[in-house]
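Structure record follows, encoded as structure tokens.
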Amino acid sequence: MKLKILFVIVIALLSSFAITSISGTKEGYVKLFYRSVTVYAPAVAKTESGFVGVATTITVTVLNGSGCSGKIFVETVPLTEVDMQGSARLAVSVAGSLTGIDISNYDFFFVIKTDSPIIGGPSAGAVMTVATIAALEGWNLDNKTMMTGMINPDGSIGPVGGIKEKIDAAHSVGARRFLIPKGQMIVYTRVTKTEKQGGWIRIITEWQEVNVSEYAKEKYGMEVVEVEDVNDAVYYFTGHRFKEPEINENISTENYTTSMKPLAEHLISRAKESYENASKLFNNTKLVIPNYYPNYRSEIEKSLEDSKKALDEAESSYDRSLFYSSTSKSFQSLISSRFVVYACNFFSSLDRDAYVESVLNYAKNLLNTKKALADNASISGTVSLQCVGAAQKRLFEAKSQIKEAENDYTEANYLDALYRLAFAVERCNSVGWWLNISSKFEEKVSINETQLNEMANKYLDLARNSVVYSQIILQEMGEHSNLLNDAIQLLDEAEKEIENHPASSLFTSLEALTKANLAIELVGGDEKEKLERARDKAAFEIGECRNYGIEPVLAVSYYEFAETLENESTIDSLVYYRYAQMIAGALKFALVPSENRESIFEGVPPVNPIPSLFPDIEEIVSYTLWIIAYMLVILLVVVIITAIVSNKRKFKEDFPPETW
């Protein structure tokens, strides 16, 4: 890193800094300070022979002084396939948040150079953030360390592709340590084999598991280290570590419990009543429901059983003080019971088409009523932001289901339409729950419309980049992911909501971002280990939010729901833990004012791989100097001993023993 101080006297050279008066232009005096940091960043290039790793250089220059206002400039040579501007902006934002430095007093310049056109992807985001922090703080970077990883707004490092090729690139510029995102030690590469069977030649393509730590050690003597967030990466690059606040990791507080418990009780009561009514109606009308193919009677009876099962689970969750999980299970029970009622009435009706149409109209009217309620709800702080956002998000889900139900109705798929309408009606009813919860909490951290719009647009941009990157990486790997499909659909919803419902768009974008990142991360690896880490990280972010006076009610709710899913679906549980982490991290990142963070210098940790067979130039020089030093010491000892022996011999010659 270079540290320079620049004093510029401008005499009618830069009009932007000139001081102008009526009599003409006068001399202006501008004082600027700047620091530059250059780092290597690995990337993947597509060649005729396949994908290869290439080393790019990223130079970050931080300018402070007259005229600086937080502007960010990016130059790429050659042009890259991705929006490096977005990665640069996020890097600056995270650097400011972690250091506590007011970035509005600086301008930032990023120059990215590479010899080959690189594959698109924000995988340099983390190292750009580290370089920006080093430039702001005036710290040196270890030139034997390189890294790859996306950067998330909360400072966590997201998954990337092409790690094996990037290790090759790191070795080409002399790296001894390579940092990768947590959970990506195992990757998969495509291997093509040719087999001869009789007179036929068969080409087989298989996926081969690669432990990148073993690969780097055996091939290059390089150490590979997993890092979870920017603070970890900064430590390996600079030897500095920012102090983390002590966190109270109690998830459910008394305030949260007293707010959610009455709702859980109310919904269990409603679900019981609804189940009993549905059960009676089914018993009274089941004879008019066809039991031949298709066996509608069995289908409806199965829904009744599902209702009872969900009701039992709601009561069990309530007994364990998992109140949000209890409300979720009650909600599932209510949907199933409502569908049973709709289906029984449908088969009992003389005009079945008209009955479905009446249910459809009821759902539409209810949607409009609840929409007016949510649209008029005010957002004044972090709690109302979460509750109104959750309410609006549920309205969009209900609207989507009603639209699908209309299509089913048109195609005479009446039972499908009725199930969708049962879901939509109960979703509309849940809007009121969330709006009422907001009033139970004290707003300690305020938010205005400008902040909300900036926050929503920032995460929408990030979700766009993450979805595109995941599509590129999974396509290269030949993988298919339902999580990515969900993320694409969620991104589309967030795009539609951003203009008029930024709160809903924000949380939809966060969910899309969560699923797009996991789509890459879950290709291989230990899901159980990822689950434990996600649980711990979510708890940490929730606790840190509370340290700053933010009650992350929505994050706590999803954390609690993830707990109940651990034994049912590891992936679903992992998704909700990560979603909880994203929500808490977003609230803290966007709304907590920057304050200078204290760092501790511990020194860059030593590299711990198996030594390479061929040492690098620095090691050869070091070894040579040590050998010369040892030889000089030995020579000195020999000279001293020789001198002593020589003196004794001369003494004996001058004074023979017989004369003593």
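The values are calculated or read from the model by the stated rules, or taken from the named source; none is laboratory data. Quick caveat: nothing in here was measured; it's all calculated off a predicted structure. Positions of Cβ are generated from backbone atoms using ideal geometry, with glycine treated the same way; all protein chains shown enter the neighbour counts. The accessibility values were calculated without ligands, DNA or RNA, using every heavy atom of the protein model including side chains. Shrake-Rupley method; radii C 1.70, N 1.55, O 1.52, S 1.80 Å.
Suppose we keep only residues that are touching a residue at least 60 places away in the same chain (Cβ under 8 Å), assigned to a helix (DSSP H, G or I) and in contact with a Ser or Thr (Cβ under 9 Å, 6 or more places away or on another chain) within segment 515-540. Which one would you say is nearest to Glu443 (Cα to Cα)?
Of everything passing the filter in segment 515-540, Lys537 is nearest to Glu443 (Cα to Cα).
Checking the condition in contact with a strand residue (DSSP E or B) (Cβ under 7 Å, 6 or more places away or on another chain), farther than 20 Å from Gly381 by Cα and among the β-branched types (Val, Ile, Thr), which residue from Val523, Val468, Val575 passes?
Val523
For Gly174, all conditions in the list (1) modelled with pLDDT of 90 or more; (2) crowded, with 24+ Cβ neighbours inside 10 Å; (3) farther than 20 Å from Ala534 by Cβ hold save one; what is the number of the exception?
Of everything listed in (1) modelled with pLDDT of 90 or more; (2) crowded, with 24+ Cβ neighbours inside 10 Å; (3) farther than 20 Å from Ala534 by Cβ, Gly174 misses just condition (2).
For Asn500, work out the one condition from (1) open to solvent by 50 Å² or more (accessible area, probe 1.4 Å); (2) at pLDDT below 85 it doesn't fulfil.
With (1) open to solvent by 50 Å² or more (accessible area, probe 1.4 Å); (2) at pLDDT below 85 applied to Asn500, the lone miss is (2).
Give the residues of segment 403-433 that are of a type in the set (Val, Ile, Thr) and under 17 Å from Asn345 (Cβ atoms), sorted by residue number.
Hit for segment 403-433 is Val425, nothing else.
So which strands (runs of 3 or more DSSP E) stay within segment 67-162 end to end and still have 1 or more residues that are at pLDDT 85 or above and surrounded by fewer than 19 Cβ atoms within 10 Å (Cβ to Cβ)?
Answer list for segment 67-162: 72-77, 106-113.
Among the listed residues Glu313, Glu299, Glu273, Glu226, identify the single one that is touching a helix residue (DSSP H, G or I) at 6+ places or on another chain (Cβ under 6 Å) and open to solvent by 40 Å² or more (accessible area, probe 1.4 Å).
Glu313
Any residue in segment 211-221 that is in contact with a strand residue (DSSP E or B) (Cβ under 8 Å, 6 or more places away or on another chain), under 24 Å from Leu531 (Cα atoms), surrounded by fewer than 21 Cβ atoms within 10 Å (Cβ to Cβ) and not β-branched (Val, Ile, Thr)?
Checked against the condition, which is being in contact with a strand residue (DSSP E or B) (Cβ under 8 Å, 6 or more places away or on another chain), under 24 Å from Leu531 (Cα atoms), surrounded by fewer than 21 Cβ atoms within 10 Å (Cβ to Cβ) and not β-branched (Val, Ile, Thr), segment 211-221 yields at least one hit.
If the Cβ limit is 6 Å and pairs must be 6+ apart or interchain, which residue in segment 281-298 that is over 12 Å from Leu415 (Cβ atoms) pairs with which residue that is in a helix (DSSP H, G or I) and of a type in the set (Phe, Trp, Tyr)?
Once the first residue is over 12 Å from Leu415 (Cβ atoms) and sits in segment 281-298, its partners that are in a helix (DSSP H, G or I) and of a type in the set (Phe, Trp, Tyr) give Val288/Phe347.
Tell me the residue from Asp168, Asp102, Asp115 that is charged (D, E, K, R) and farther than 27 Å from Ala45 by Cα, please.
Step by step, each of Asp168, Asp102, Asp115 is checked, and only Asp102 is charged (D, E, K, R) and farther than 27 Å from Ala45 by Cα.
Across segment 366-381, what is the number of residues that are touching a strand residue (DSSP E or B) at 6+ places or on another chain (Cβ under 8 Å) and either open to solvent by less than 40 Å² (accessible area, probe 1.4 Å) or under 26 Å from Tyr275 (Cβ atoms) (or both)?
The qualifying residues number 1.
Which of the following residues is open to solvent by less than 30 Å² (accessible area, probe 1.4 Å), more than 18 Å from Ile447 (Cβ to Cβ) and among the small types (Gly, Ala, Ser): Gly549, Gly543?
Gly543
So, in segment 477-497, exactly how many residues are open to solvent by less than 20 Å² (accessible area, probe 1.4 Å), acidic (Asp, Glu) and under 27 Å from Gly50 (Cα atoms)?
0
Taking segment 338-393 on its own, how many of its residues are among the hydrophobic types (A, V, I, L, M, F, W, C), under 32 Å from the mean Cα position of the chain (by Cα) and closer than 23 Å to Leu267 by Cα?
Total meeting the criteria: 7.
Quick check on segment 395-408. Is at least one of its residues over 30 Å from Tyr296 (Cβ atoms), crowded, with 18+ Cβ neighbours inside 10 Å and of a type in the set (A, V, I, L, M)?
Within segment 395-408, one or more residues are over 30 Å from Tyr296 (Cβ atoms), crowded, with 18+ Cβ neighbours inside 10 Å and of a type in the set (A, V, I, L, M).
For Ser384, only one of the following conditions fails: (1) assigned to a helix (DSSP H, G or I); (2) open to solvent by 10 Å² or more (accessible area, probe 1.4 Å); (3) among the hydroxyl-bearing types (Ser, Thr, Tyr). What is its number?
Among (1) assigned to a helix (DSSP H, G or I); (2) open to solvent by 10 Å² or more (accessible area, probe 1.4 Å); (3) among the hydroxyl-bearing types (Ser, Thr, Tyr), the lone unmet condition for Ser384 is (2).
Limited to segment 424-440, what total is found for residues that are in contact with a Phe, Trp or Tyr (Cβ under 8 Å, 6 or more places away or on another chain) and either without any contact (Cβ under 8 Å) to a residue 24 or more places away in the chain or not polar (S, T, N, Q) (or both)?
2
Given the structure, is Ile268 farther than 27 Å from Tyr324 by Cβ, in contact with a helix residue (DSSP H, G or I) (Cβ under 9 Å, 6 or more places away or on another chain) and not aromatic (Phe, Trp, Tyr)?
Taking the combined requirement at face value, the residue does not satisfy it.
Of all residues in segment 137-155, which are under 24 Å from the mean Cα position of the chain (by Cα) and farther than 12 Å from Leu90 by Cβ?
Thr145, Met146, Met147, Thr148, Gly149
Just to be sure I understand the filter: pairs with C-beta atoms under 7 Å, separated by 6 or more residues or on different chains, first member in segment 342-365 and closer than 20 Å to Ile289 by Cα and open to solvent by less than 20 Å² (accessible area, probe 1.4 Å), second member outside any helix (DSSP H, G or I) and not aromatic (Phe, Trp, Tyr). Which pairs pass?
Cβ pairs passing all conditions: Phe347/Ile289.
Looking at Glu443, Glu499, Glu511, which one is in a loop (DSSP other than H, G, I, E, B), touching a residue at least 40 places away in the same chain (Cβ under 8 Å) and more than 30 Å from Glu301 (Cβ to Cβ)?
Answer to the check: Glu443.
How do the pairs read when you match residues in segment 622-646 that are surrounded by 10 or more Cβ atoms within 10 Å (Cβ to Cβ) with residues anywhere that are not in a helix (DSSP H, G or I), using Cβ under 9 Å and keeping only pairs 6 or more apart or on different chains?
Ser622/Pro615; Tyr623/Pro615
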